[in-house]
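Here the structure comes first, spelled out in structure tokens, and everything after it is commentary.
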Amino acid sequence: MVVDKCKISNEEWKRGLLMEDRLQCELIEFVNIKTTFEELYYHINELILKYGFVNLDFMGNLGHSIVKDKDDRVYTEKGNTQKISDVKYFTFEPHISISHSKYGFKKENIYYFKDGKLAEL
């Protein structure tokens, strides 16, 4: 278990884990009750590229709604203009790698809106 990411000696591991934390924080700052899944998709994928990472998800998405039937999921993907606030719960789980690295990173959290603000479950 990693307690202090800044003490990790492998620079790629440290950089990847810190980037996952940065993306989770950016989600909280960026998303409001009017934000769409597509807007979040473009914003986060732009940051992933800006900081020298690549999105490893084969569809390029970043998460999905939490529902009973998998076929009813709503994805954080290009073309999805539904508001994030329209779903009760959703995951945010960017699967990233540093360009040309053999390592991948993924941190998954579940979020919902509480009193009009995004909250982590």
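Considering only lysines 8 or more places apart in sequence, or on different chains, count the pairs in region 34-121 whose C-alpha atoms sit under 16 Å apart.
10
Quick one: go through region 64-105 and flag any residue whose amide nitrogen is under 20 Å from the point 7 Å out along the Cα-to-Cβ line of residue 54.
78, 93-105
Of the candidates 29, 93, 108, which one comes out as most mobile in a Gaussian network treatment of the chain with C-alpha springs shorter than 10 Å?
29
Based on Cβ point charges of +1 for Lys and Arg and -1 for Asp and Glu, what charge dipole magnitude is obtained for region 9-120 about its Cα centre, in debye rounded to the nearest 20?
On the way: 16 positive and 19 negative charges, 18 e Å.
For region 9-120, the charge dipole is close to 80 debye.
Which ordering of 101, 9 is given by a fewest-first count of other beta-carbon atoms within 10 Å? Show your work: numbers first, answer last.
Numbers: 101 16, 9 6.
Fewest-to-most Cβ neighbours within 10 Å comes out as 9, 101.
So how far apart, in nm, are the two label points at residue 81 and residue 120 if each is 7 Å from Cα heading toward Cβ?
Label at residue 81, label at residue 120, 3.3 nm between them.
What's the extension gain from residue 42 to residue 70 if we count 0.36 nm per residue and subtract their Cα-Cα distance? Each step should come with its number before you reach the end.
On the way: separation 28, 0.36 × 28 = 10.08 nm, distance 2.37 nm.
Length difference between fully extended and current span is 7.7 nm.
Hey, fewest Cβ within 10 Å first, where do 15, 22, 73 land in order?
Numbers: 15 19, 22 12, 73 15.
Ranking 15, 22, 73 by Cβ neighbours within 10 Å, fewest first, gives 22, 73, 15.
For region 1-56 and region 62-121, what is the centre-to-centre distance using only Cα atoms, to the nearest Å?
12
Would you please name the trypsin sites (Lys or Arg not before Pro) within region 75-107 that are DSSP coil residues with at most 12 other C-beta atoms within 10 Å of their C-beta? List each step's numbers first, then the result.
On the way: sites: 78, 83, 88, 102, 106, 107; in loops: 78, 88, 102, 107.
Listed in order of number, the matching sites are 88, 102.
Mean separation of Cα pairs under 8 Å and 6+ residues apart, divided by the residue count of the chain: what relative contact order is that in percent?
Rounded, it is 28 percent for the chain.
Where a number appears in this text, it was derived from the coordinates with a stated rule and is not lab data. Everything numeric in this text was worked out from a predicted model, so none of it was measured. In this analysis, Cβ positions are derived from the backbone assuming ideal geometry, glycine residues included, and neighbour counts consider all displayed protein chains.
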